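K.L.:
Please see the structure below; I have some questions.
The values are calculated or read from the model by the stated rules, or taken from the named source; none is laboratory data. Predicted model, so just to flag it, every value in this text is computed and none were measured. All Cβ positions, glycine included, derive from the backbone under ideal geometry; neighbour counts span all protein chains shown. Protein only, heavy atoms only, side chains kept; ligands, DNA and RNA dropped before computing areas. Shrake-Rupley method; radii C 1.70, N 1.55, O 1.52, S 1.80 Å.
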Amino acid sequence: MWGLKQRARWVLAGLLVCTGSAWADSTAVLETFPETGAFSAHYREDRGAVSVIDFAGNYNKTVNSRDNLEPRAVVAREFFRTHADNYDFLVVFTTFEFNSGDAAAFHLGLQNHIKGIGLPQYDHSTLFGSKGRLGGYIDMAALSRWVMDPLRPEFERVLAVMGHEMLHQWSGNVRFDQGQGPETALLGDDDSHWSDLLDTNASVLYGHKWRDNHDGTFTSEGFRKFLSPLDLYLAGLYRADEVPPMTLIVNPALDPRVTPEQGLLVHGTTISGTARTISIQDIITAEGERIPAAADSQKNFRLGFILLTPADQEVSESQIAGIEAVRRSFTERFAIWTGGRGTAEAFPEALPEFSTGTPGTIGGGDLRVDPLSLAQGFAWLRGRQQTEGFWRDKTTTVMRDTAVSLDVLSRFDSAFVRKSDALNWLGTQQTANVDYLARQARILAAGGRATEAAALRAQLLALRNGDGGWGLNAGFASDPLDSALAVLALAGQPDAPVTTVSAAADYLAAQRNSDGGWGNRPDSPSRTSVTATVVRALHAAGRDVAPLTVSFLAGRQNPDGGFGDSPSTAHDTANVLQVLMELDALASVRTADASNYLYTRQTVDGSWEGSTYATASVLAALQRFNLPNWALESLELQPAAPIDGDRVNVTARVLNDTA
């Protein structure tokens, strides 16, 4: 183990590793990892927001007294092989136990370019498959170590530990100087956590919230619950002048390096000592100012959640649901901890794929040079129906893709003959996932399977939360998307109480962001796809849609004419156009540009983006609302080079495909 000063000198020898109770320098060679073949990681699928990776090899924290970094680099590289390099932290759980030493979880710091936080400058992100974005690898170890049910009090521990590990990216390392040179008395266990004798407002990185009894004693009122002002300064979320003076209890008889788990200081403990006041300026004197300062620092952090499992082991819905509960709760908790100044987002972002023929790949090849052909689009979509009756872009989207594809083909394609196969498949699917239940119930009802649809609606009603909304699964906090999907399945159905649909609409209206849109969860940034779904749900519930929401959707039109959170996508464009048409609000957008975006994005195989979901969405938009599916060819101007004030005759050949 190296102390803080030694780490600064030896950082080039290895990665900074937080063990959960200690930091250490790995002595592994960082220029490359040996090609031993002892580890393998293979991406299996994204289940919701969790990326499942099959892993084989020794995943113990250390091997032969050195940090076992290679398997973690292999996992990260595999993740980035299939996902965009757009993550600040990877959060990794396992379905198997392994030897993690004395740590329940630990953090690998992969880079630091921030000055004034007590850490050296380094960047080893490329060894983990990132080109400079990835900051840390948070190893949360086996699922069996944690209570993953948000309704149980013990669930707080997994959130606090995850916050602890994330905070190690910036905090827990600074010294202070009050004129006698740098001192380390703020530091506790292994010089990488706060001293138990420091009043940190009960930071998750140790220290306590101490009450001064004004008689030479201090009583702990809590620990490991929040982020302290000092934590927030070091993370770049507070200015220096927002950090109040801190109290450090001086008592040579007490060891500040013993953690609460070892039994020295717990909530309610009273100790004796004298108060020493430490200011943020004392810390700046020792470490220098934080660069970048709060005004210029990163505020939004992207987390990727990974579950490692042996290749021959099935991953259960309950395991995914547990990680989803942590993901959702942590993103909410991080916003609370930071007073809304920082946000943590967690959702998978696959790499864009354009090739064909690879299993799991979504890509339709080159864009067409011939005119738009709806007939070819319908033929392509029919051809993507599987033998069992379903459609699938990815394993995690099969219910969505089947529902949308079946809907558009049933209504608009006279050549479609396998409707019963799709309905039969839908009727056999068992799930407790609200997203899936809602889509399944809605399409079965539309397909005349009234009994099956009613049973699914009963399940949906039983999963409703007290606030009127729905979460992804039972016990999950309500969110706008799942609530909107449930409303779309229930609205207008005789067995769905009007009061239930109305309460859900009230919930949705209350979750609207100040910009008029909705995000994946309450208070998260607004997203085009979620907003379009919520608007449809409110419309189905008979609610008026605020002009601000129409403005939000109109504002998501990009310079290329398409819609989306940038870049544009065919499915977002199609869905927004359908919503605006339902609201009779097409005049608020550049309709011709949007139509042209869709016309020119059909690929040579007849699809849009090689995706069943995108193709079905576009076909629905073009057919259901009779958008003008024309294109211009052989455009001629007379005069050929007009100037200001000239009268111009335009001659063009108009192509139209109404098939």
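K.L.:
What pairs come up if the first residue lies in the range 455-477 and is in contact (Cβ under 8 Å) with a residue 40 or more places away in the chain and closer than 19 Å to Val534 by Cα, the second is buried (at least 22 other Cβ atoms within 10 Å of the Cβ) and of a type in the set (Val, Ile, Thr), and their beta carbons are under 6 Å apart, counting only those six or more places apart or on different chains?
P.N.:
Here the result reads Leu472/Val434, each pair linking the range 455-477 to a residue that is buried (at least 22 other Cβ atoms within 10 Å of the Cβ) and of a type in the set (Val, Ile, Thr).
K.L.:
Does any residue in the range 550-571 that is under 16 Å from Trp518 (Cα atoms) come within less than 6 Å, Cβ to Cβ, of a residue that is open to solvent by 20 Å² or more (accessible area, probe 1.4 Å) and not in a loop (DSSP other than H, G, I, E, B) six or more places away or on a different chain, and which pairs are these?
P.N.:
Once the first residue is under 16 Å from Trp518 (Cα atoms) and sits in the range 550-571, its partners that are open to solvent by 20 Å² or more (accessible area, probe 1.4 Å) and not in a loop (DSSP other than H, G, I, E, B) give Val550/Ser588; Ala554/Ser588; Phe563/Gln557.
K.L.:
Let me ask you something else. Looking at (1) open to solvent by 20 Å² or more (accessible area, probe 1.4 Å); (2) at pLDDT below 90; (3) outside any loop (DSSP other than H, G, I, E, B), can you tell me which one Met581 breaks?
P.N.:
(2)
K.L.:
Can you give me the number of residues within the range 125-145 that are in contact (Cβ under 8 Å) with a residue 60 or more places away in the chain and surrounded by fewer than 23 Cβ atoms within 10 Å (Cβ to Cβ)?
P.N.:
2
K.L.:
Can you tell me which of Val530, Val498 is among the hydrophobic types (A, V, I, L, M, F, W, C) and open to solvent by 40 Å² or more (accessible area, probe 1.4 Å)?
P.N.:
Selected residue: Val498, the only one of Val530, Val498 that is among the hydrophobic types (A, V, I, L, M, F, W, C) and open to solvent by 40 Å² or more (accessible area, probe 1.4 Å).
K.L.:
Can you tell me which of (1) more than 28 Å from Ser51 (Cβ to Cβ); (2) open to solvent by less than 60 Å² (accessible area, probe 1.4 Å); (3) hydrophobic (A, V, I, L, M, F, W, C); (4) not in a strand (DSSP E or B) is the one Ile323 doesn't meet?
P.N.:
Among (1) more than 28 Å from Ser51 (Cβ to Cβ); (2) open to solvent by less than 60 Å² (accessible area, probe 1.4 Å); (3) hydrophobic (A, V, I, L, M, F, W, C); (4) not in a strand (DSSP E or B), Ile323 violates only (1).
K.L.:
A follow-up question, please. In the range 185-195, what count of residues is obtained for those that are under 15 Å from Ile278 (Cβ atoms) and surrounded by 18 or more Cβ atoms within 10 Å (Cβ to Cβ)?
P.N.:
So the answer is 5.
K.L.:
Continuing with this model, one more query. Evaluate the range 519-530: report whether one residue or more is assigned to a helix (DSSP H, G or I), at pLDDT below 95, among the hydrophobic types (A, V, I, L, M, F, W, C) and over 20 Å from Gly466 (Cβ atoms).
P.N.:
yes
K.L.:
Identify all residues within the range 470-508 that are touching an Asp or Glu at 6+ places or on another chain (Cβ under 7 Å) and of a type in the set (Gly, Ala, Ser); write none if there are none.
P.N.:
Within the range 470-508, Gly471, Gly475, Ser478 qualify.
Per-residue answers, yes or no, for (1) more than 24 Å from the chain's Cα centre (by Cα); (2) not aromatic (Phe, Trp, Tyr):
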| residue | (1), (2) |
| --- | --- |
| Arg418 | yes, yes |
| Arg439 | no, yes |
| Ala458 | yes, yes |
| Leu463 | no, yes |
| Trp470 | no, no |
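K.L.:
So which of Pro547, Pro525 is within 22 Å of the chain's Cα centre (by Cα), more than 22 Å from Leu488 (Cβ to Cβ) and open to solvent by 30 Å² or more (accessible area, probe 1.4 Å)?
P.N.:
None of the other options fit; the residue is Pro525.
K.L.:
When only residues in the range 294-308 that are out of contact with any helix residue (DSSP H, G or I) (no Cβ under 9 Å at 6 or more places or on another chain) and not polar (S, T, N, Q) count, which is farthest from Val74 (Cα to Cα)?
P.N.:
Checking each candidate, the answer is Ala295.
K.L.:
Find all pairs meeting these conditions: Cβ atoms under 7 angstrom apart; at least six residues apart or on different chains; first residue within the range 64-80 and buried (at least 19 other Cβ atoms within 10 Å of the Cβ); second residue in a helix (DSSP H, G or I).
P.N.:
Every condition considered, the pairs that remain are Ala73/Leu127; Ala73/Phe128; Ala76/Phe128.
K.L.:
Select from the range 103-144 the residues that are among the hydroxyl-bearing types (Ser, Thr, Tyr) and part of a strand (DSSP E or B) and write down the one among them that is farthest from Ile320 (Cα to Cα).
P.N.:
So the residue we want is Tyr122.
K.L.:
Please work out which residue is farthest from Ala614 (Cα to Cα), limiting yourself to the range 387-409 and to residues that are within 30 Å of the chain's Cα centre (by Cα) and in a loop (DSSP other than H, G, I, E, B).
P.N.:
Applying the filter and picking the extreme gives Phe390.
Residues checked against (1) more than 30 Å from Thr343 (Cα to Cα); (2) buried (at least 20 other Cβ atoms within 10 Å of the Cβ):
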| residue | (1), (2) |
| --- | --- |
| Ile443 | yes, yes |
| Ala453 | yes, yes |
| Trp470 | no, yes |
| Asp482 | no, yes |
| Leu485 | no, yes |
| Ser502 | yes, no |
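K.L.:
Would you check if there is a residue in the range 123-131 being of a type in the set (Val, Ile, Thr) and touching a strand residue (DSSP E or B) at 6+ places or on another chain (Cβ under 7 Å)?
P.N.:
The answer is no, given that none of the residues of the range 123-131 is of a type in the set (Val, Ile, Thr) and touching a strand residue (DSSP E or B) at 6+ places or on another chain (Cβ under 7 Å).
K.L.:
Pairs please, first residue from the range 232-253 and within 18 Å of His214 (Cβ to Cβ) and open to solvent by 30 Å² or more (accessible area, probe 1.4 Å), second anywhere and among the hydroxyl-bearing types (Ser, Thr, Tyr) and part of a loop (DSSP other than H, G, I, E, B), Cβ atoms under 7 Å, 6+ apart in sequence or on different chains.
P.N.:
If the second residue must be among the hydroxyl-bearing types (Ser, Thr, Tyr) and part of a loop (DSSP other than H, G, I, E, B), the pairs left are Pro245/Ser279.
K.L.:
So which of Ser617, Ser595 ends up being part of a helix (DSSP H, G or I), open to solvent by less than 10 Å² (accessible area, probe 1.4 Å) and more than 19 Å from Met399 (Cα to Cα)?
P.N.:
Exactly one residue qualifies, and that residue is Ser595.
K.L.:
Also, quick follow-up: Do we have Leu237 as modelled with pLDDT of 90 or more, within 27 Å of Pro292 (Cα to Cα) and either over 39 Å from the mean Cα position of the chain (by Cα) or in a loop (DSSP other than H, G, I, E, B) (or both) here?
P.N.:
yes
K.L.:
Can you report the number of residues in the range 275-294 which are open to solvent by less than 40 Å² (accessible area, probe 1.4 Å) and small (Gly, Ala, Ser)?
P.N.:
Matching residues across the range 275-294 total 4.
K.L.:
Restricting to the range 208-231, and then to whatever is in contact (Cβ under 8 Å) with a residue 12 or more places away in the chain and at positive phi, can you tell me which residue is surrounded by the fewest Cβ atoms within 10 Å (Cβ to Cβ)?
P.N.:
Among them, the one singled out is Gly216.
K.L.:
I'd like to know if the range 166-176 contains one or more residues that are surrounded by 15 or more Cβ atoms within 10 Å (Cβ to Cβ) and more than 23 Å from Leu234 (Cβ to Cβ).
P.N.:
Scanning the range 166-176 turns up no residue that is surrounded by 15 or more Cβ atoms within 10 Å (Cβ to Cβ) and more than 23 Å from Leu234 (Cβ to Cβ).
K.L.:
Filter the range 45-63 down to residues that are surrounded by fewer than 18 Cβ atoms within 10 Å (Cβ to Cβ) and in contact with a helix residue (DSSP H, G or I) (Cβ under 8 Å, 6 or more places away or on another chain), then give me how many there are.
P.N.:
Summing the residues that are surrounded by fewer than 18 Cβ atoms within 10 Å (Cβ to Cβ) and in contact with a helix residue (DSSP H, G or I) (Cβ under 8 Å, 6 or more places away or on another chain) in the range 45-63 gives 3.
K.L.:
Kindly evaluate Gly555 against the criterion of being on the phi > 0 side of the Ramachandran plot and not polar (S, T, N, Q).
P.N.:
Considered against the rule, which asks whether it is on the phi > 0 side of the Ramachandran plot and not polar (S, T, N, Q), Gly555 comes out as no.
K.L.:
Got a sec? Which of Arg368, Arg384, Arg392 is touching a helix residue (DSSP H, G or I) at 6+ places or on another chain (Cβ under 8 Å), modelled with pLDDT under 95, over 30 Å from Arg328 (Cβ atoms) and charged (D, E, K, R)?
P.N.:
Arg384
K.L.:
Now, a different point. In the range 410-430, which residues are touching a Ser or Thr at 6+ places or on another chain (Cβ under 9 Å) and in a helix (DSSP H, G or I)?
P.N.:
Those that are touching a Ser or Thr at 6+ places or on another chain (Cβ under 9 Å) and in a helix (DSSP H, G or I): Lys419, Asp421, Ala422, Trp425, Leu426.
K.L.:
Which residue pairs have Cβ atoms under 7 Å apart, sit 6 or more places apart or on different chains, and have a first residue in the range 82-105 that is at pLDDT 95 or above and a second that is open to solvent by less than 30 Å² (accessible area, probe 1.4 Å) and among the polar types (S, T, N, Q)?
P.N.:
Thr95/Thr309
Condition check ((1) farther than 27 Å from Gly342 by Cα; (2) assigned to a strand (DSSP E or B)) across all residues:
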site	(1), (2)
Phe79	no, no
Asp85	no, no
Val91	no, yes
Phe98	yes, no
